[in-house]
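Data first, discussion second: the structure below is written as structure tokens.
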Amino acid sequence: MVLSDLDVFINLYRDGDKFFDILKAVIREWRQSPWPHEQERASYAEELFSQSLETYKEYLNDAHEQVESGFSTPTDRKILKQMEERYAYWDNKLKELTGKKETIC
């Protein structure tokens with residue numbers, strides 16, 4: 001038995017919007033709950049949201065380096081621009097949800 005077999009991977013490009021939407025709902029619904037276990041879940045969702053955005057940002061930074069070094073096509077640049085827009089949207093959404101003004105990255 002290998003406990004690492006229990007890892008879950010989410011493709012943030014393909015499924016990021018759904019994933020962030022679920023976390024957003026959990027944070028909104030359970031943050032104000034009178035129940036401590038629901039507040040803990042909201043905190044965990046916020047942590048997952050933040051970590052996922054950090055992963056997304058790291059990928060964007062790597063992609064920018066590739067573009068700057070000339071390893072890209074017009075389609076790559078278009079996808080990168082779309083990803084940057086999605087990142088900015090979700091970063092702002094997390095700031096709204098948490099009331100934080102500073103960037104997470």
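The values are calculated or read from the model by the stated rules, or taken from the named source; none is laboratory data. Please read these numbers as outputs of a predicted model, since none were measured by experiment. Note that we place each Cβ from the backbone using ideal geometry, even for glycine, and neighbour counts take in every protein chain shown.
Considering 60, 53, the condition of being under 22 Å from residue 99 (Cβ atoms) and in contact with a Phe, Trp or Tyr (Cβ under 8 Å, 6 or more places away or on another chain) is satisfied by 53 alone. Based on this model, can you work out whether residue 88 counts as surrounded by fewer than 14 Cβ atoms within 10 Å (Cβ to Cβ) and at pLDDT 95 or above? For residue 88, the condition - surrounded by fewer than 14 Cβ atoms within 10 Å (Cβ to Cβ) and at pLDDT 95 or above - is met. Among the residues of region 1-29, the one identified as surrounded by 13 or more Cβ atoms within 10 Å (Cβ to Cβ) and of a type in the set (Gly, Ala, Ser) is 16.
Every residue, every condition in (1) small (Gly, Ala, Ser); (2) in contact with a helix residue (DSSP H, G or I) (Cβ under 6 Å, 6 or more places away or on another chain); (3) farther than 25 Å from residue 83 by Cβ, yes or no:
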site: 2; (1), (2), (3): no, no, yes
site: 8; (1), (2), (3): no, no, no
site: 16; (1), (2), (3): yes, no, no
site: 22; (1), (2), (3): no, no, no
site: 30; (1), (2), (3): no, yes, yes
site: 38; (1), (2), (3): no, yes, yes
site: 41; (1), (2), (3): no, yes, yes
site: 46; (1), (2), (3): no, yes, no
site: 51; (1), (2), (3): no, no, no
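How many residues does region 1-44 hold that are within 30 Å of residue 78 (Cα to Cα), of a type outside the set (Phe, Trp, Tyr) and in a helix (DSSP H, G or I)? Residues flagged as within 30 Å of residue 78 (Cα to Cα), of a type outside the set (Phe, Trp, Tyr) and in a helix (DSSP H, G or I) within region 1-44 amount to 11. Note on region 45-67: residues that are without any contact (Cβ under 8 Å) to a residue 24 or more places away in the chain and crowded, with 18+ Cβ neighbours inside 10 Å total 2.
When we screen 60, 94 for residues that are closer than 19 Å to residue 15 by Cα, in contact with a Ser or Thr (Cβ under 7 Å, 6 or more places away or on another chain) and in a helix (DSSP H, G or I), the only hit is 94.
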